[in-house]
Amino acid sequence: MPDAGGRHTYSNGFFGQVGFVAGMTSVFIDGEAGTTGLGIQQRLRALPRITLLSIDPARRKDPQARREMMRAVDLVVLCLPDAASIEAVEIIEGLGDAAPKILDASTAFRTDPSWAYGFAEMTRDQPGLIGDAARVANPGCYATGAIALIRPLVAAGLLAADHRLCVNAVSGYSGGGRTMIAAHETAGGPAFELYALGLAHKHLPEMTLHGGLSRSPLFVPSVGHFPQGMLVSVPLHLDDLPGRPTGADLHAALAARYRGCAQVVVRDAEPAGTLMADTLVDTDLLELRVFANESRRQAVLVARLDNLGKGASGAAVQNIQLMTGLLRPEAIHG
C-alpha cells in the first residue's frame, strides 16, 4: 500500500516510487539523503522505466536490510564516504550471482582498473565501456573539468604528458558537505577561501591518470560564496608546449574532440575576457573555452559546469542510463 508520500510499501520494509514491474530497472541509492543522492533521485524520477526504491527509514542503518535491498535491485548507487563505499561493495560482492550493478560516487574506485571511469565523453570508447560495465566510478567534479581540457591536448600531441601543469578551480559551496554549507549559509559566512593547501586533493589521482598525464598537476581549489557552479582553469605558456601552438590550435583540438557531444560544448572565448561560475546551475552541460594572448604567447583553458550537475548527479544519471540501456552509447558523441 502507498505511504503518505505516494511510495509503495513492501513487507520487507522497502519503499519505492512504484512496485516491481516487468521491463523496469530497479535502483537503490545508498546514501540518498546527501546532496548528490538527492540530485540523483530528482533526475531519476523524471526518467521512464526506472523503479527507485528506498529502505524504510527505521531500517536504513540495518545491515541486513541493506543487504536485502541490494539483492533485490538491478543497480545500486553508492553516495557514501570512501570507507563506507568500500564496505558496501564488499557486501554486494558477497551476493554472488545475485549482485546488482554498482555506480559509486566516492573517490574509492576512480583509478581502479577493474572499474569503468564514468566520464562518458572522455574517449570515443568510454560510453560503450560504461554501458558494458558492472562497476562504474562516477568522476569528481574538479576532475571532470580538468580531464576534459587536458586529455584531448595530450592525445593531440599539443601538451606533453609530463608537462608541469597548474590547475586552479573555484566551486560553489554546495559540494563541500554539511559543515561547509552551514558556514556559508550563516550570515557573515566566508566570501572566498582556498583549501586543500596540503596539495594532495582527493581528485588529483584521477585527474592525473585519466588526463593522460605522467606528472601530477599542482592543483589549487577554492570555494566561493555561491551555492552551485564551478570554473576549472589551466594556464599555459604556449612556447613551452610541443610545436609552439597558438590558442586557435588548442581551441581546434578541443572542438574536434567534442564535436557532436550534447553535454560537452567548446565555446569561443568571451570578448570581455570574463567568465561567471554559476551560469550553468541546474544543467548537465560542460563548457570549454580557450582564452589566449598571442602577443604574450599565453593561454588559459577554462571549463565551466555545475558542480552538482555534470560534476555529480547529472553525470551519475547519464551513467545509469548507459548501464541500464536507456541511453545508447553512440548517442553520447552524436
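The values are calculated or read from the model by the stated rules, or taken from the named source; none is laboratory data. The structure presented is a predicted model; accordingly, all values stated were derived computationally and were not measured. Cβ sites come from the backbone with ideal geometry, for glycine too, and all protein chains shown count toward neighbours. Protein only, heavy atoms only, side chains kept; ligands, DNA and RNA dropped before computing areas. Shrake-Rupley method; radii C 1.70, N 1.55, O 1.52, S 1.80 Å.
Considering segment 119-139 alone, what residues qualify as being touching an Asp or Glu at 6+ places or on another chain (Cβ under 9 Å), open to solvent by less than 20 Å² (accessible area, probe 1.4 Å), farther than 20 Å from L301 by Cβ and not aliphatic (A, V, I, L, M)?
Those that are touching an Asp or Glu at 6+ places or on another chain (Cβ under 9 Å), open to solvent by less than 20 Å² (accessible area, probe 1.4 Å), farther than 20 Å from L301 by Cβ and not aliphatic (A, V, I, L, M): P127, N138.
If I go through segment 140-178 residue by residue, how many of them are open to solvent by less than 10 Å² (accessible area, probe 1.4 Å) and either part of a loop (DSSP other than H, G, I, E, B) or β-branched (V, I, T) (or both)?
8
Is at least one residue of segment 63-72 open to solvent by less than 60 Å² (accessible area, probe 1.4 Å) and of a type in the set (S, T, N, Q)?
Taking every residue of segment 63-72 in turn, none turns out to be open to solvent by less than 60 Å² (accessible area, probe 1.4 Å) and of a type in the set (S, T, N, Q).
Could you grab me the full set of residues in segment 231-252 that are buried (at least 21 other Cβ atoms within 10 Å of the Cβ), hydrophobic (A, V, I, L, M, F, W, C) and part of a helix (DSSP H, G or I)?
Passing the criteria: only L250.
When residues of segment 36-83 are filtered for being basic (K, R) and touching a residue at least 60 places away in the same chain (Cβ under 8 Å), how many remain? Don't jump to the end; show me each part of the working.
Kept after step one, since they are basic (K, R), are these residues of segment 36-83: 43, 45, 49, 59-61, 66-67, 71.
Checking which are touching a residue at least 60 places away in the same chain (Cβ under 8 Å) leaves us with 43, 49.
So the count comes out to 2.
Name the residues in segment 77-118 that are open to solvent by less than 10 Å² (accessible area, probe 1.4 Å) and assigned to a helix (DSSP H, G or I), would you?
S85, A88, V89, I92
Could you go through segment 293-305 and let me know if any residue there is over 18 Å from C141 (Cα atoms) and open to solvent by less than 40 Å² (accessible area, probe 1.4 Å). Please lay out each step first, then the result.
Residues of segment 293-305 over 18 Å from C141 (Cα atoms): 293-300.
Next cut, open to solvent by less than 40 Å² (accessible area, probe 1.4 Å) only: 299.
So far as segment 293-305 goes, yes, one or more of its residues are over 18 Å from C141 (Cα atoms) and open to solvent by less than 40 Å² (accessible area, probe 1.4 Å).
Restricting the search to segment 281-315, which residues are closer than 13 Å to M230 by Cβ and small (G, A, S)?
Across segment 281-315, the qualifying residues are A303, G309, G311, A312, G314, A315.
A quick yes/no check of all residues on (1) in contact (Cβ under 8 Å) with a residue 24 or more places away in the chain; (2) among the basic types (K, R); (3) closer than 24 Å to L218 by Cα:
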{"site": "L165", "(1), (2), (3)": "yes, no, yes"}
{"site": "G176", "(1), (2), (3)": "yes, no, yes"}
{"site": "A182", "(1), (2), (3)": "no, no, no"}
{"site": "T186", "(1), (2), (3)": "no, no, no"}
{"site": "L197", "(1), (2), (3)": "no, no, yes"}
{"site": "K202", "(1), (2), (3)": "yes, yes, yes"}
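Regarding segment 46-57, can at least one residue be identified that is of a type in the set (S, T, Y), touching a Ser or Thr at 6+ places or on another chain (Cβ under 8 Å), within 21 Å of G311 (Cα to Cα) and open to solvent by less than 80 Å² (accessible area, probe 1.4 Å)?
Just the residues of segment 46-57 that are of a type in the set (S, T, Y), to begin with: 51, 54.
Then drop every residue that is not touching a Ser or Thr at 6+ places or on another chain (Cβ under 8 Å), which leaves 51.
With the extra rule that they be within 21 Å of G311 (Cα to Cα), the set shrinks to none.
No, the conditions are met nowhere in segment 46-57.
Inspect segment 214-230 for any residue being of a type in the set (D, E, K, R) and either surrounded by 14 or more Cβ atoms within 10 Å (Cβ to Cβ) or in contact with a Lys or Arg (Cβ under 6 Å, 6 or more places away or on another chain) (or both) and give the result as yes or no.
Restricting attention to segment 214-230, the residues satisfying the condition of being of a type in the set (D, E, K, R) are 215.
Within this subset, residues satisfying the condition of being either surrounded by 14 or more Cβ atoms within 10 Å (Cβ to Cβ) or in contact with a Lys or Arg (Cβ under 6 Å, 6 or more places away or on another chain) (or both) are none.
No; the residues of segment 214-230 include none that is of a type in the set (D, E, K, R) and either surrounded by 14 or more Cβ atoms within 10 Å (Cβ to Cβ) or in contact with a Lys or Arg (Cβ under 6 Å, 6 or more places away or on another chain) (or both).
Only residues in segment 111-131 that are closer than 18 Å to A331 by Cα count as the first member; pair them with residues that are aromatic (F, W, Y) and in a loop (DSSP other than H, G, I, E, B), Cβ under 7 angstrom, at least 6 apart or cross-chain, and list the lot.
Every condition considered, the pairs that remain are Q126/F119.
Which one of these does P139 not meet: (1) out of contact with any Phe, Trp or Tyr (no Cβ under 6 Å at 6 or more places or on another chain); (2) at pLDDT 95 or above?
(1)
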